Amino acid sequence: MSNMLLEAKELHTYYGASHILHGIDFNIREGEGIALMGRNGMGKSTLIKSMLGIVRPKHGRVLVRGDDYTRSRTYQTAQQGIAYVPEGRGIFKSLSVRENLLMSARAGIDGRREWTFDRVMDTFPRLGERINNGGWQLSGGEQQMLTIGRALMTNPDLLILDEATEGLAPLIAMEIWRIVKEIRKTGIATVIVDKNHGAVTSICDRAMILVKGQVVFAGTSDEIRAQPELIQKHLGV
Amino acid sequence: MTIQSLDIIHDEHRALAAMLSGLRAIATNIEAGRLKPDFDLLASMVEYIDKVPEKVHHPKEDQYLFAKLRLRSADALPVIERLEAEHRQGEARINALRAALASYRQQGEAGFADFHEAVKTYVEQEWKHMNAEERELFPLAKASLTAEDWAEIDAAFLANDNPWQGAAGEYEALFSRIVNLAPAPVGLGG
């Protein structure tokens, strides 16, 4: 399909002798939102890292816009309009908020610059109040907003959020989900890795659940929301 | 079958739960001496709980979901009546919370214990209420209401122009303001 952004075909990934991903298929098209869910250690982040070249899959293929990126370096995949908000945030703590944002500013792959510094400020007014603060001075919620803002400055076609609200208080988490929902409306495709099935399925069109490195559910968000027993079985605590 | 009205209620419960959790955490931190009271913030949180769940969320449940289920399931009647009674008590409960806050503001530290107690009571009641809806009423509704019933309820919920955000986004703006005012780690404030 011409509007396919990112695909994984039969991915097998290992950490040493541990077989983590067992032949996973994944795909996301332009403008889609996919909730990638599962308990801790089920392979969600490994799937993302395998598709981005951060971890090398042993078997299988990764396609970006139909081209083979299985053996590409991470920056080459990112240059195809894919922005990654990693678990743990990864801001540059010695740089100011402004510097963190400006250092990642670039046009999208078709040359558009819809996400300017000012637009990111409008989306995250809180960052405007902290603009000259160092990254190390930010709270966890502010750091998360900065990481998402920094990703948007690359004018991506696909935004991947890995555990964006992990460790954040419920009020902040709700605010981040509200903002992500607004970002989704702009047409950016989004993969959201999270355990909060209620929040992510209300934002995304499709959902996927991983258990021990295998897909146990792939369907629409409406389908998964209509199956609370499945949610309880695979995501319940 | 997807039931959009229940999805909307779940979403609204999540927002309310986040606000209640934030209010309780702030009160606990004040008690522990880690925070000084910010009365404007506390008043904004109480205002949110009053305006959104009490004045928007509960009436919608009463008017559409409970009313239809009342016609369809005799088994659901005791649960509906209990939940409707709790909705009717909602105004008195939020007034008690508001009065405890006003008293705390006026008396200073001497009024904290009563305010903290009022917060704990309100939060506990709301948790029980939301749990009862999700664990008792929703299963009964799913078992009793027909596809046509749900279509009607869903249409009513969806036609409500997203009242949770407010006609002009004012409730959403209030929520964001609270997140920005609330001190870390509860919110983003410093």
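Of all the criteria given as (1) more than 9 Å from chain B (Cβ to nearest Cβ); (2) touching a strand residue (DSSP E or B) at 6+ places or on another chain (Cβ under 8 Å), the one not satisfied by A:K181 is (2).
The residue that is surrounded by the most Cβ atoms within 10 Å (Cβ to Cβ), counting only those in region B:1-52 that are facing chain A (nearest Cβ under 9 Å) and part of a loop (DSSP other than H, G, I, E, B), is B:I3. Tell me whether region A:10-31 contains one or more residues that are under 23 Å from A:T165 (Cβ atoms) and not in a loop (DSSP other than H, G, I, E, B). Yes, that holds for at least one residue. If you go through region A:148-175, how many residues are within 14 Å of chain B (Cβ to nearest Cβ), within 17 Å of A:I91 (Cα to Cα) and free of Cβ contacts under 8 Å to residues at least 60 places away in the same chain? Number of matching residues: 4.
Summed over region A:130-162, residues that are open to solvent by 10 Å² or more (accessible area, probe 1.4 Å) and of a type in the set (D, E) total 1.
Taking region A:32-44 as the range and being closer than 22 Å to A:E166 by Cα and either open to solvent by 20 Å² or more (accessible area, probe 1.4 Å) or among the acidic types (D, E) (or both) as the test, the residues that pass are A:R39, A:N40, A:G41, A:M42. Is there a residue being modelled with pLDDT of 90 or more, open to solvent by 10 Å² or more (accessible area, probe 1.4 Å) and among the hydrophobic types (A, V, I, L, M, F, W, C) anywhere in region A:191-202? No, every residue in region A:191-202 fails to be modelled with pLDDT of 90 or more, open to solvent by 10 Å² or more (accessible area, probe 1.4 Å) and among the hydrophobic types (A, V, I, L, M, F, W, C).
Residue selection: B:A113 satisfies the criterion of being modelled with pLDDT of 95 or more, loosely packed, with under 14 Cβ neighbours inside 10 Å, of a type in the set (G, A, S) and more than 18 Å from the chain's Cα centre (by Cα). Go through the residues of region A:224-233 one by one and say whether even a single one is within 13 Å of chain B (Cβ to nearest Cβ) and open to solvent by less than 10 Å² (accessible area, probe 1.4 Å). Among the residues of region A:224-233, at least one is within 13 Å of chain B (Cβ to nearest Cβ) and open to solvent by less than 10 Å² (accessible area, probe 1.4 Å), which makes the answer yes. For region B:53-91, the set of residues classified as closer than 20 Å to B:L16 by Cβ, without any contact (Cβ under 8 Å) to a residue 40 or more places away in the chain, open to solvent by 60 Å² or more (accessible area, probe 1.4 Å) and not charged (D, E, K, R) consists of B:Q89 only.
Applying a threshold of 6 Å to beta carbon distances and a minimum spacing of six or more residues, or different chains, the list of pairs starting in region A:68-84 at a residue that is more than 19 Å from A:R184 (Cα to Cα) and ending at one that is among the charged types (D, E, K, R) and open to solvent by 70 Å² or more (accessible area, probe 1.4 Å) reads A:T70/A:R61. Answer yes or no as to whether A:G134 is within 14 Å of another protein chain (Cβ to nearest Cβ), over 21 Å from the mean Cα position of the chain (by Cα) and either closer than 17 Å to B:L188 by Cα or among the hydroxyl-bearing types (S, T, Y) (or both). So A:G134 fits the description; yes.
Of everything listed in (1) part of a helix (DSSP H, G or I); (2) within 30 Å of A:A226 (Cα to Cα); (3) modelled with pLDDT under 95, the single unmet condition for B:P78 is (3). Each residue in region A:184-201 was checked for being of a type outside the set (A, V, I, L, M, F, W, C) and more than 14 Å from every other protein chain (Cβ to nearest Cβ), and 4 of them qualify. Do you know which of the residues in region A:206-222 that are within 14 Å of chain B (Cβ to nearest Cβ) and in contact with a helix residue (DSSP H, G or I) (Cβ under 6 Å, 6 or more places away or on another chain) is nearest to B:H13 (Cα to Cα)? Filtering first and then ranking leaves A:S221.
The values are calculated or read from the model by the stated rules, or taken from the named source; none is laboratory data. Here the structure is a predicted model, which means the values were calculated and not measured. Every residue, glycine as well, gets a Cβ built from its backbone with ideal geometry; the counts of neighbours run over all protein chains shown. Only protein heavy atoms, including side chains, enter the accessible area calculation; ligands, DNA and RNA are left aside. Shrake-Rupley method; radii C 1.70, N 1.55, O 1.52, S 1.80 Å.
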